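What follows is a single structure, written as structure tokens, with notes after it.
The numbers here are math on the coordinates, done by the rules we state, and not lab data. Note that the structure is a prediction, hence the values are computed from the model and not measured. Counting neighbours? That spans all protein chains shown, and the Cβs are built from the backbone with ideal geometry, glycine included.
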Amino acid sequence: MRFSTIFFLLLISYWTLGQSCALTVIVTGFKTNSGKAMLALHHKPEAFPNKDASAYTRITATIQNNTATFVLSQIPYGTYAIAVFHDENNNNKLDFSLIGYPSEKFGFSNNAKVTFAPPKWDEAKIMLQSPTLRHSIVLQ
């Protein structure tokens, strides 16, 4: 009995260890098709949303018909949060106005809203626990 229980637990652990998700993120709300869309997929709450260098991955996409589609494959199951923005001038960074508010459109997973500060991890986190997931973000 004890051996079969341990074997079963090891089998379940092995089965879930290698599972991954194909994540498709559809971003709408772009003002123009110029520039590019930039996405950071975060896996560390302490790095979200401002520390893109610590993100699990960062990718870009072209904008067509004021929409960008990102396809990320083989993302291990787990909890993540997404930050995305419209890099209108192709300088590879989110630009800010003189008062410190972003001058380019941006968005977050779960369409988490920005009031006086970026959203918290818990507002933007998503669970990847199936082979495929489609997630939509509307830029702010």
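Within segment 118-133, residues that are touching a residue at least 24 places away in the same chain (Cβ under 8 Å) and within 14 Å of VAL25 (Cα to Cα) have Cβ atoms under 6 Å from residues that are surrounded by fewer than 16 Cβ atoms within 10 Å (Cβ to Cβ) and of a type in the set (A, V, I, L, M, F, W, C) in these pairs: THR132/ALA22, counting only partners at least 6 apart in sequence or on another chain.
Suppose the filter is loosely packed, with under 13 Cβ neighbours inside 10 Å, outside any helix (DSSP H, G or I) and touching a residue at least 60 places away in the same chain (Cβ under 8 Å); does SER73 pass it? For SER73, the condition - loosely packed, with under 13 Cβ neighbours inside 10 Å, outside any helix (DSSP H, G or I) and touching a residue at least 60 places away in the same chain (Cβ under 8 Å) - is not met. Only residues that are polar (S, T, N, Q) and over 16 Å from ARG58 (Cβ atoms) were counted across segment 70-107, and they come to 4.
Every condition in (1) more than 21 Å from THR32 (Cβ to Cβ); (2) free of Cβ contacts under 8 Å to residues at least 12 places away in the same chain holds for SER103 except the one numbered (1).
Evaluate the following for LYS93: is it buried (at least 18 other Cβ atoms within 10 Å of the Cβ), charged (D, E, K, R) and over 16 Å from VAL27 (Cα atoms)? No; evaluated as a whole, the condition is false for this residue. Any residue that is within 13 Å of the chain's Cα centre (by Cα) and among the polar types (S, T, N, Q) - is there at least one of those in segment 113-133? Among the residues of segment 113-133, not one is within 13 Å of the chain's Cα centre (by Cα) and among the polar types (S, T, N, Q), which makes the answer no. In segment 22-47, the residues that are in contact (Cβ under 8 Å) with a residue 12 or more places away in the chain and at positive phi form Cβ pairs under 6 Å with partners that are surrounded by 17 or more Cβ atoms within 10 Å (Cβ to Cβ) and outside any strand (DSSP E or B), at six or more places apart or across chains, as follows: GLY29/LEU139; GLY35/GLU88.
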